[in-house]
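Read the structure below first, then the notes.
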Amino acid sequence: MTNIYIDGKAGTTGLRIYDRLSGRSDINLMLIDEDKRKDPLERAKMINASDITFLCLPDAAAIEAVSLVENNDVKIIDTSTAHRTNPCWSYGFPELSPEHRAAIALSKRVSVPGCHASGFNSLVYPLVKNGIIPADYPVVCFSVTGYSGGGKSMIAQYDDNGRSAELSSPRQYGTTQNHKHLREMKAVPGLAFDPVFSPIVDDYYSGMVVTVPIFSNLMKHKMTVCELRDFFSGYYKSGLVSVSEEDAPAFVGSNNLSGKDSMEIIVGGNDERILLISRFDNLGKGASGAAIQCMNIMLGLDEKTGLDL
């Protein structure tokens, strides 16, 4: 039996991790008294008594939680932004490479990728790693997500009967090009520059589509749509990522994988202007599903245990 503590269980990601683990017979969920969930001493007690602690907290609180660890055997899975580019932490996207998977399996510190960054890195990391685009390629990314990605405050805003009419339309944000996911979107694939990133939140609960357009004449190793589709199919042979063998549909819905923990890659466009598309649930492979997948790997279990595919 594995003792699991979720620090930040009341948040959107924490609640979903709790719901997914609560029905597993191999997991003992450790629950903190509600009136002590922000008490550092009680949190330290729970963290150090656990086998694995999930951190579902703001960045500053996640850093504080790590400082409370005294038991060297405790493993931490952090869903915040705080440690995603920290070289002492393993990046929690096992499908990116055998090295990523091996590091997660052996690690005591794993940082779960951001939702937008998950889609972006699923597309860009293999291209840079294999020399298909250069590290200094001028990467542009568009990403559409459901409003649950904004957490409890945004969910409440969208669920309010008296909400602004603007919330019924797609809303672009991150307009200063300082989005918190940009650090890992540059660092993980090894880009020379930050990408131009345009995230959009829309009036539906969960699911997302991340798109990276590629000009074939700027590729280091020029490939056609069909060749890129075959490349990604060969690259993602295991795990939760699959590649569509079909041509891109006329419309690519953002919520088709809502409630799922898998990710689908679609290659569209034409041989001059290629569209690379990653579709998944921002609360699944973009958050709680990825966290549980990492936990399974760290415990030596089938990585798909307890996940909805």
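The numbers here are math on the coordinates, done by the rules we state, and not lab data. Please read these numbers as outputs of a predicted model, since none were measured by experiment. When we count neighbours, we look across all protein chains shown, and the Cβ atoms used for this are built from the backbone with ideal geometry, even at glycine.
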Would you mind computing, in nm to one decimal, how far apart the modelled labels at residue 38 and residue 251 are, each placed 7 Å from Cα along Cα→Cβ? 4.4 nm
With 0.36 nm assigned to each residue of separation and the Cα-Cα distance removed, residue 154 to residue 224 gains 21.2 nm
Residue 88 versus residue 301: modelled label distance in nm, points set 7 Å from Cα along the beta carbon direction: 2.8 nm
Prolate/oblate/rounded label for the stretch 75-152 (Cα gyration tensor, a/c 1.5): oblate
Long-range lysine pairs (8 or more apart or interchain), the stretch 115-282, Cα under 29 Å: 18
Determine, for 276, 68, the number of other Cβ atoms within 10 Å of each Cβ, and report the residues in order from fewest to most. 68, 276
Which one, [x] 21.6, 74; [y] 19.3, 60; [z] 24.2, 79, gives Rg and Dmax of the Cα atoms in Å as derived from the coordinates shown? [y]
A chain fully extended from residue 60 to residue 45 at 0.36 nm per residue, minus the present Cα-Cα distance, gains in nm 3.5 nm
Estimated FRET transfer efficiency when R0 is 30 angstrom, pair residue 178-residue 109 (beta carbons, to 0.05): 0.70
Quick one: putting +1 on the C-beta of Lys and Arg, -1 on the C-beta of Asp and Glu, what dipole do you get for the stretch 168-227 around its Cα centre, in Debye to the nearest 20? 220 debye
The stretch 115-282, dipole about Cα centre (Lys/Arg Cβ +1, Asp/Glu Cβ -1), debye to the nearest 20: 480 debye
